[in-house]
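Visitor: Dropping the structure in here first, questions after.
The numbers here are math on the coordinates, done by the rules we state, and not lab data. Computed from a predicted model, the values in this text were never measured in an experiment. Note that we place each Cβ from the backbone using ideal geometry, even for glycine, and neighbour counts take in every protein chain shown.
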Amino acid sequence: MTQMTLSKAIGAGLRRALQDDDHVLLMGEDIGELGGVFRVTDGLKHEFGPERVIDTPLAESGIVGTAIGLAFRGYRAVCEIQFDGFIYPAFDQIVAQVAKLHARTRGAVTVPLTLRVPYGGAIGSVEHHSESPEAYFAHTAGLRVVTPSTPQDAYSMIRMAIASNDPVIYFEPKRRYWSKGEVDLEAVPLPLDKARIVREGTDVTLIAYGPLVATALDAAEAATDEGISIEVIDLRSLSPIDFDTIEDSVNKTGRVVIVHEAAQFGGLGGEIAAVVTDRCFYSLEAPPQRVTGLNVPYPPAKLEDHFVPDLDRMLDAVDRVMGRENSLTGWSAR
Amino acid sequence: MRTGLSEKTQSTVSAVDVSSRTDEPVQLLTPEGVRTESVEYDSWVEDLSDDDLLGLYQDMVVVRRFDNEATALQRQGQLGLWPPSLGQEAAQIGSARALRKEDFVFTSYREHGVAYVRGVRLEDMTRVWRGTANSGWDPFTVNMATPAVIIGAQTLHATGYAMGVQRDGADSVAVAYFGDGATSQGDVNEAMIFAASFKAPVIFFCQNNQWAISEPVGVQTVRPIADRAPGFGIPSIRVDGNDVLAVMAAMRVALERARTGGGATFIEAVTYRMGPHTTSDDPSRYEDLTEREEWAAKDPIQRLERYLDQLGLLTDEARASVKAAEDDAAKRFRAACIALEDPEPMTIFDNVYAEPHSGLERQKREYAAYLSYVEGGTR
Ligand SMILES: Cc1ncc(C[n+]2csc(CCOP(=O)(O)OP(=O)(O)O)c2C)c(N)n1
Ligand SMILES: [Mg+2]
């Protein structure tokens with residue numbers, strides 16, 4: 001076991017993948033000499049050489065598109081998209097090619113590529129540096145979408161993502177890059193598509209992923225002051241979503257709050273609420289609630305605290321499902 | 001001194017033979033400040049008066065000064081981030097001063113000098129970097145779009161604007177500013193195709209500052225960047241980007257071509273990023289500082305200063321007036337930045353749509369209820 005930051009843990013996972021399989025390649029803007037703008041790939045170019053850790057031209061569509069060609073040739077590319085908001089030039093290659101090649105070719109071609117995407121806000125940055133675009137990709141058949149919340153998962157999940165024969169979008173909770181935790185480099189990991197109950201509780205199921213897992217845990221801790229017992233689920237995988245774990249939890253608690261930074265409309269919270277309503281209808285004590293980003297473009301830094309869900313907004317939703325006084329008590333939309 | 005420079009109207013665009021262009025950038029002022037002769041380009045700047053020359057000098061000094069002030073403000077926690085334009089003053093001032101007011105400019109994030117020339121107010125330049133707004137000004141008040149952070153996107157916008165100008169039968173020109181890194185993006189290459197196919201009055205002004213964050217320009221191209229455009233059917237000029245006169249001459253050639261129905265031009269201004277990519281960047285991880293020192297000797301301001309000195313234009317009085325202008329700009333820049341107030345929380349819902357949107361309206365009212373609830377102290 002070693003203490004490491006989440007970013008170092010991803011780097012350690014990448015190093016391990018490069019060592020274990022000489023067909024693994026890293027590609028991206030500024031990932032070589034600089035080690036990436038977040039230093040996740042720090043030192044890897046010097047260790048493995050510029051043939052395997054490739055500073056690419058400044059073109060996201062080019063990065064992903066050539067990674068597909070490399071896949072035809074048996075290479076497993078791990079592409080870094082520098083920030084969430086810069087993934088869109090590659091959107092076509094991802095949704096029209098990466099996602100569909102296996103099905104299109106009736107299984108003849110596999111695209112085992114991994115796309116690393118630092119995502120999420122609350123870092124005080126300028127536009128395009130704080131987005132949560134996961135729903136676009138989870139919506140697209142053929143892509144797996146995952147996101148770790150701890151250094152241990154960051155390490156294990158990047159290795160599993162690279163080893164997977166499916167394309168995996170690996171969203172990195174950038175504001176947690178510097179959070180530290182124990183990492184066991186030899187740990188037997190929970191499968192990539194399984195959720196984890198990170199705190200047990202009996203009154204409310206609070207479902208989070210990526211950057212908001214830590215906030216959800218803080219909210220659960222704070223709720224004990226008010227005698228409320230919250231169970232926190234870290235989804236880990238956003239496609240597929242481990243609905244079995246959710247179902248068991250909600251059947252136990254009878255109440256569910258889903259949180260994410262992405263905008264509410266069309267976000268994963270809606271999908272989860274629908275499945276929970278379907279599968280746990282007779283256990284539910286209250287309608288599922290969502291605490292999410294607002295349905296607006298990500299705001300300038302000075303307003304981002306109003307966009308990104310915090311502990312207070314989570315607890316307000318907990319009050320709603322608990323039937324306690326809350327911000328919408330007596331409120332009417334009309 | 002900052003008044004517009006007289007517009008060059010020559011009909012001798014064809015005098016610039018693009019097919020025989022060499023890879024040596026066009027230069028009218030050596031780094032030592034010596035005015036060299038250029039058969040092709042001399043006539044394009046011969047109208048510049050002493051005051052015009054002093055004006056260009058003052059512009060560059062002022063821009064460098066408030067740019068440095070911005071870096072200092074970032075270090076002091078007053079700005080979240082700043083991308084310095086240090087070293088690129090001649091490329092920006094020389095090109096922007098060649099424009100007419102009614103021309104329209106689409107830039108990237110580093111073009112503070114262009115913004116200054118277009119008349120953007122200093123406080124408006126700081127908004128984005130202080131984090132109080134996602135853009136700083138109304139594009140139509142200064143005929144300059146707010147900066148594009150997505151690399152290369154604005155080149156298509158400029159091309160489309162030029163297509164609009166064409167349809168209106170006007171003789172304005174659209175200018176796209178972008179970097180060497182941007183030339184790798186599909187958008188930039190698509191923009192050149194549209195511009196060429198439609199003969200749009202657009203100028204592609206590439207500041208090749210040798211770096212895209214940590215990547216040297218060699219990652220983006222194996223030939224001089226200016227060589228690419230002719231393949232699209234767009235003539236190009238490679239110009240010494242630290243020579244304000246050469247930049248202005250090249251820009252005037254391109255503007256004249258665009259205004260007279262000749263279509264697009266690509267200008268590669270060869271310069272150097274003398275600072276970090278942004279204040280968050282640490283160039284010591286990747287940059288060979290001897291290269292930067294070599295470029296320091298080709299500094300754009302020093303070069304013009306030497307030339308003006310030779311002409312005897314930098315009198316004590318002239319120096320004092322430039323000094324006063326830069327001091328004033330720095331002072332105003334700092335004051336304007338610090339005076340910017342945080343936006344009101346509920347403005348987060350403003351301007352998402354141009355017409356009412358029921359879904360957003362409902363969320364807005366819910367959030368207002370939440371804010372008054374928490375401000376009431378219950379949660
Ligand atoms: C689509 C997109 N990808 C990546 C980035 C991140 N990024 C910001 S600036 C930059 C380098 C740009 O280099 P260049 O075009 O040469 O302009 P310069 O910064 O040198 O002025 C990169 C990669 C971005 N802003 N947009
Ligand atoms: Mg550059």
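Visitor: When the range A:138-161 is examined, which residues are found to be crowded, with 24+ Cβ neighbours inside 10 Å and not small (Gly, Ala, Ser)?
Guide: Matches in the range A:138-161: A:VAL145, A:VAL146, A:THR147, A:PRO148, A:THR150, A:PRO151, A:ASP153, A:TYR155, A:MET157, A:ILE158.
Visitor: Specify the residue that is nearest to the other protein chains (Cβ to nearest Cβ); the eligible residues are those in the range A:118-149 that are of a type in the set (Val, Ile, Thr) and under 21 Å from A:GLY266 (Cα atoms).
Guide: The extreme case among them is A:THR140.
Visitor: Out of curiosity, is A:GLY36 within 14 Å of chain B (Cβ to nearest Cβ), within 26 Å of A:ALA71 (Cα to Cα) and in contact (Cβ under 8 Å) with a residue 40 or more places away in the chain?
Guide: For A:GLY36, the condition - within 14 Å of chain B (Cβ to nearest Cβ), within 26 Å of A:ALA71 (Cα to Cα) and in contact (Cβ under 8 Å) with a residue 40 or more places away in the chain - is met.
Visitor: When you go through (1) at the interface with chain B (Cβ under 8 Å from one of its Cβ atoms); (2) within 21 Å of the chain's Cα centre (by Cα); (3) within 25 Å of B:CYS337 (Cβ to Cβ) one by one for A:ALA301, which number turns out not to apply?
Guide: (2)
Visitor: On to the next question. Is there any pair linking a residue in the range B:339-366 that is surrounded by fewer than 11 Cβ atoms within 10 Å (Cβ to Cβ) to one that is among the polar types (S, T, N, Q), with Cβ under 8 Å and at least six apart or on different chains, and which?
Guide: B:GLU341/B:THR132
Visitor: Could you tell me whether any residue of the range B:262-275 is surrounded by fewer than 22 Cβ atoms within 10 Å (Cβ to Cβ), without any contact (Cβ under 8 Å) to a residue 60 or more places away in the chain and not hydrophobic (A, V, I, L, M, F, W, C)?
Guide: no
Visitor: For the range B:295-379, list the helices (runs of 4 or more DSSP H) that sit wholly inside it and hold at least 3 residues that are at the interface with another protein chain (Cβ under 9 Å from one of its Cβ atoms); which are they?
Guide: Helices (runs of 4 or more DSSP H) meeting the threshold: B:358-375.
Visitor: Of the residues that sit in the range B:78-113 and are aromatic (Phe, Trp, Tyr) and part of a loop (DSSP other than H, G, I, E, B), which one is nearest to ligand 2 (Cβ to nearest atom)?
Guide: B:TYR109
Visitor: Now for a separate question. Among (1) within 16 Å of ligand 2 (Cβ to nearest atom); (2) free of Cβ contacts under 8 Å to residues at least 40 places away in the same chain, which single condition is B:ALA191 missing?
Guide: (1)
Visitor: Would you check which residues across the range A:261-291 are touching a Ser or Thr at 6+ places or on another chain (Cβ under 9 Å) and polar (S, T, N, Q) and list them?
Guide: Within the range A:261-291, A:GLN264, A:SER283 meet the criteria.
Visitor: Oh, and also: Being more than 16 Å from ligand 1 (Cβ to nearest atom), within 30 Å of B:SER43 (Cβ to Cβ) and small (Gly, Ala, Ser): is that true of B:ALA196 here?
Guide: yes
One line per residue, one yes/no per condition, for (1) crowded, with 16+ Cβ neighbours inside 10 Å; (2) in contact (Cβ under 8 Å) with a residue 60 or more places away in the chain:
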site: A:LYS180; (1), (2): no, yes
site: A:PRO191; (1), (2): no, no
site: A:ILE197; (1), (2): no, no
site: A:TYR209; (1), (2): yes, yes
site: A:ALA214; (1), (2): yes, yes
site: A:PHE265; (1), (2): no, no
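Visitor: Can you report the number of residues in the range B:114-128 which are in contact with a strand residue (DSSP E or B) (Cβ under 7 Å, 6 or more places away or on another chain) and assigned to a loop (DSSP other than H, G, I, E, B)?
Guide: Selection size over the range B:114-128: 1.
Visitor: Follow-up question, since we're still on this one. Quick one: would you say B:GLU89 is out of contact with any strand residue (DSSP E or B) (no Cβ under 9 Å at 6 or more places or on another chain), in contact (Cβ under 8 Å) with a residue 12 or more places away in the chain, within 21 Å of B:ALA336 (Cβ to Cβ) and more than 16 Å from ligand 1 (Cβ to nearest atom)?
Guide: No, not satisfied.
Visitor: So, of the residues in the range B:217-227 that are more than 8 Å from ligand 1 (Cβ to nearest atom) and facing chain A (nearest Cβ under 9 Å), which turns out to be surrounded by the most Cβ atoms within 10 Å (Cβ to Cβ)?
Guide: B:VAL219
Visitor: Here's another thing I want to ask about it. B:VAL188 versus (1) within 16 Å of ligand 1 (Cβ to nearest atom); (2) more than 10 Å from chain A (Cβ to nearest Cβ); (3) in contact with a strand residue (DSSP E or B) (Cβ under 8 Å, 6 or more places away or on another chain): which is the lone unmet condition?
Guide: All conditions are met except number (2).
Visitor: Further question: Select from the range B:245-295 the residues that are of a type in the set (Ser, Thr, Tyr), within 16 Å of ligand 2 (Cβ to nearest atom) and closer than 23 Å to B:GLU32 by Cβ and list them in ascending order.
Guide: Within the range B:245-295, B:THR271, B:TYR272 qualify.
Visitor: Would you confirm whether or not the range A:74-81 contains a residue that is buried (at least 22 other Cβ atoms within 10 Å of the Cβ) and part of a loop (DSSP other than H, G, I, E, B)?
Guide: yes
Visitor: If a residue has to be more than 15 Å from ligand 2 (Cβ to nearest atom) and not hydroxyl-bearing (Ser, Thr, Tyr) to count, how many in the range B:151-186 make the cut?
Guide: Number satisfying all stated conditions: 19.
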